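Worksheet: one structure, shown below.
None of the figures in this text is laboratory data; all of them are computed from the coordinates on show. A quick note: this is a predicted structure, and the numbers were derived from the prediction, not measured. With ideal geometry, Cβ positions are generated from the backbone for all residues, glycine too; neighbour counts draw on all protein chains shown.
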Amino acid sequence: MTKIALTVNGSHCEADVEPRLLLAYFLRDELDLKGTNVGCDTTSCGACTVLLDGESVKSCTVLAVQADGCAVTTVEGLAQGDELHPVQQAFHERHALQCGYCTPGFVMATVSLLKENPNPSEAEIRDGLEGNLCRCTGYHNIVLAVQAAARAGA
Amino acid sequence: MSAAANGCSVACLSILGNRVLRKEDPRFLRGEGRYVENLPLEGALAVTFVRSLLAHANIVGIDATAAEALPNVQVITAADMDLGPFGPPPFPGLNPGMGHPLIAVDRVRFVGDIVAIVISDDRATGADAAELVSVDYDPLPALVSPHDAAKDEVLLFPDAGTNLATRTGSPEHDEKLFDGCDVVVSGTLVSQRMAPCPLEPRSAAAELGPDGRITAWLSTQTPHQDRMVLAGTLGLDPAQVRVVAPDVGGGFGAKMLNVEEVLVAWLARRLDRPVRWTETRSESMVALPHGRAQRLDFTLGGTKDGKVLAYRLESLQDAGAYPVLGAFLPNLTGLMASGVYAIPRIEFEGRSVVTNTTPISAFRGAGRPEAAQTIERALDVFAAELGMDPAEVRRRNFIPKDAFPYATVTHAVYDSGDYAGALELALRSVGYDDLRDEQRRRRAEGGATQLGIGISTYVEITNGIDETEFGEVEVTPDGGAIVRTGSFSHGQGHETTFAMIAADRLGMPVENVTVHKGDTDEVAKGTGTYGSKSTQIGGAAARLAADKVVEQAKQLAADYLEASPDDIVLDPALGRLHVAGDPAIALSWADLAARASADERLAELKAEHEFKSAPSFPFGAHVAVVEVDTETGRVELLRLVAVDDAGTLINPLIAEGQVHGGVATGVAQALYESFVYDDDGNPLTATFVGYAFPSAADLPSWEAVEMETPTPLNALGAKGIGESGTIGATPAVHNAVVDALAPFGVRNVDLPANGENVWRALQEAKA
């Protein structure tokens, strides 16, 4: 077991973890943050995307021990009380989610994308979200939501 | 969004047809989805399946010693199993000798067949232990091609004596079928095997209660049907089984009760401990049933002025290792063979054979895409032979708008449609004539990148087997309402659509109506969701239950207002009951519910309804525009205009979302995805790295065009919308790619029409 200390959604936490434990399962099973979904085992689908020191990572491909000393933001850390984050709000208003399973990953990836590029073109949005897969929406409304969130200054 | 925000004044009578934002969104956006893997289940043991790595083999022995040496690990094999084989489902004509042993007995039949089960305290230990279970196999020849399987030289089920799971139609050929035809064309279309890929892999958990009842939490589309099958398989009375489908992360036809869910429930009883299994993606890619996998040979004949006279279609369905729903799908393909055309003579034969591959079940479209893909390809081949525009050939063969209800020669009775109208709308929307001009210009210039334009006009069948759905509406003490539906939602937005339907009848704000589903203890009965039938039967049932509640409310209000029930009216805009002509003295739903609660009469504000309907036939027209690099074979989809007519739309926002997702899957089949095995039955595409699931970067935005032709079959006027986009898109894109290559002598490109297959078609045409 290895001792780690990190900040998750603004709260400090310490834990003893197996060296092989993935960050996704650390968040889900140790911290009970079930919003980070796991959709594949090959770093392909992006459902488990979180922010690690502000940058999007696929938490199924980061070991918990690699997050030692870092700040992690999960989908649970976005909304301010009753008020959804502008990206969450845009996904709601543009009907950019159906079954909801890929949604936390898309929302986190979008937060990261808009931080790097506040006014992306449609092509830049599509390329920027290439690492996230959705089977329900055909991506159309996700692109609209990202554009709306960009306009809202997310 | 409120009615006012949609431009409605207070006088606006109905919320139906408005783009109401989804009530279920917030929990998913906040990461609070209640998927089975997320549910707290104190002390649950982890279930890990040990799966066959060989496609076809005899099992010589299993050594679990090393696995069981790990802490708290138990290994269960077929020797421990006290239940018989699962299935096959009771479809008429399906060979009953092809059941699926829950744990493989003596023989494995596909890569992914379960040979043993590891029980452990946690998933990581389970994964370690599963790798330590040593299975000694004696390999058998693997049947990968259904064509080879049909020869019956190697048998998957020796006792059955054949690999033929079922057949439909007639093997007899009418020698005169094509008499009178000036032109006869033929070809083969392989509607390739696809993996459904819901983003949530399956998860199942089960617990035995102190009363001996078993509760199973399943990632499924069909909780009520699962309960009955589970009870039957476990030898229990259905009253002893509760199935709960909480949030389910997509299904697309594939998530119905399978061996894994039965095993999880069986284990909870056997171990008397809560258990949970969650599929890995790599496991899901081989264990969750696949879709399509049909080879279709077609011959189509007609006159030289473009009138189709005869069509022969032969389908060979790869059913996979154990026949389930997929084996039955050629029935739907045959039923829908005629498409949107009035074809006087049709011959159909369908055969389903078992192979050493993942079983085939329903996948978005399920039997109808195969029919549409083939007739739409055949029409284009016919048009090319005649030198006629594909749009014009279609116009000359459409079933006319005034011919409904219309019975095809394959015995489908289409309820309503306007096929020519859909095509003209799609052609106008895409700017067809300008595109053909642009194509001519590019062809004359002779550049490497050529333009292709593809058309499909389709009809499909939803609620295909005349099903019934259950709905219940109950007014709550605060004057809101609960809708309980036997339909299920795994992304379709029923919590919003069904709330709108009830709110409209009750005259309540949609915010005050809550939809409950998925728990067999709470919802008395149901069939679940598949075949795009939810709104037309489940929604209609909810509406009729709401109407009963209104009638009962009038009785109650009459008592309180000291009037005759016949004189009471509901003001739907305000949600108030009053004596006709005297709105000043009125009872709101909150007033009525409060008084009824105090008087213990609230039960009078509850009603249920079961609604049964014949199938409806959504239709549409899609036009795809592609660019093809004729040197490398690279295809880029530039545009896809989709006219999908599903009757009256309850919530156009949600309906459009269904079209978008459906179209993406149709395009995925046309251009990208194919589940592939090598000659020994090893899957080559069993991860998201190997399987070409398209991302946002691979697809354009969609141009969905609304068209609404109400069905007379239900009071909502609604047909199904879940699968239409998929059915329409594949042939449009497929035809567009072939169209781009027409000047090179290419008459067909195998699906998926990706760079490799386009390049091969070009080389063959040059040879």
On a 0 to 90° scale, report how tilted helix A:103-116 is relative to the longest principal axis of chain A, with both axes built from alpha carbons and the result rounded to the nearest 10.
80 degrees
Under 17 Å Cα to Cα from B:LYS255, which lysines show up? Leave out anything in the same chain fewer than 8 places away.
B:LYS517, B:LYS533
With a 10 Å Cβ neighbour count serving as the proxy for reagent exposure, in which order, fewest first, do B:ILE375, B:ILE568 appear?
B:ILE568, B:ILE375
When only C-alpha pairs under 8 Å and at least 6 residues apart count, what is the relative contact order of segment B:465-571, in percent?
31 percent
Fewest-first ranking of B:ILE214, B:ILE482, using other Cβ atoms within 10 Å as the exposure measure:
B:ILE482, B:ILE214
Tell me, what is the Rg over Rh of segment B:456-546, with Rh the Kirkwood radius over Cα pairs?
1.01
Which Rg and Dmax, in Å, describe the Cα atoms of segment A:2-76?
10.9, 30
Partner lysines for A:LYS34 [C-alpha distance under 17 Å; skip if fewer than 8 residues away on the same chain]
A:LYS58
According to the square roots a ≥ b ≥ c of the eigenvalues of the Cα gyration tensor, what is the shape class of the protein assembly as shown, taking rounded for a/c under 1.5, prolate for a/b larger than b/c otherwise, and oblate for the remainder?
rounded
Just need the relative contact order of segment B:592-672 here, percent rounded to a whole number, with Cα pairs under 8 Å and 6+ apart.
21 percent
Among B:LYS304/B:LYS401; B:LYS401/B:LYS612; A:LYS115/B:LYS23; B:LYS151/B:LYS176; B:LYS23/B:LYS525; B:LYS525/B:LYS612, which pairs are too far apart, with a Cα-Cα distance over 22 Å?
B:LYS304/B:LYS401; B:LYS401/B:LYS612; A:LYS115/B:LYS23; B:LYS151/B:LYS176; B:LYS23/B:LYS525
Round to a whole angstrom and tell me the spacing of the C-alpha centers of segment B:41-84 and segment B:101-179.
19 Å
As an exercise, identify the GluC sites (Glu not before Pro) in segment B:36-98 lying in DSSP coil whose Cβ has no more than 11 other Cβ atoms within 10 Å.
B:GLU42
Summing -39500 (n - 2.57) over every DSSP H run of at least 4 in chain B, dividing by its residue total and rounding to the nearest 500, the 222 nm mean residue ellipticity is -8000 deg cm²/dmol
Descending packing, highest mean Cβ count within 10 Å first, for B:171-183, B:654-666 is B:654-666, B:171-183
Report, in whole Å, the centroid distance computed from the Cα atoms of segment B:426-463 and segment A:1-68.
48 Å
If you take the C-alpha gyration tensor of segment A:86-151, multiply each eigenvalue by 5 and take the square root, what semi-axes do you get, largest first, in whole Å?
16, 12, 10
Residues B:GLU636, A:GLU14 arranged by fewest to most Cβ contacts within 10 Å:
A:GLU14, B:GLU636
So for chain B, Kirkwood radius off the Cα pairs, Stokes-Einstein at 20 °C and 1.002 mPa s: how many µm² s⁻¹?
78 µm²/s
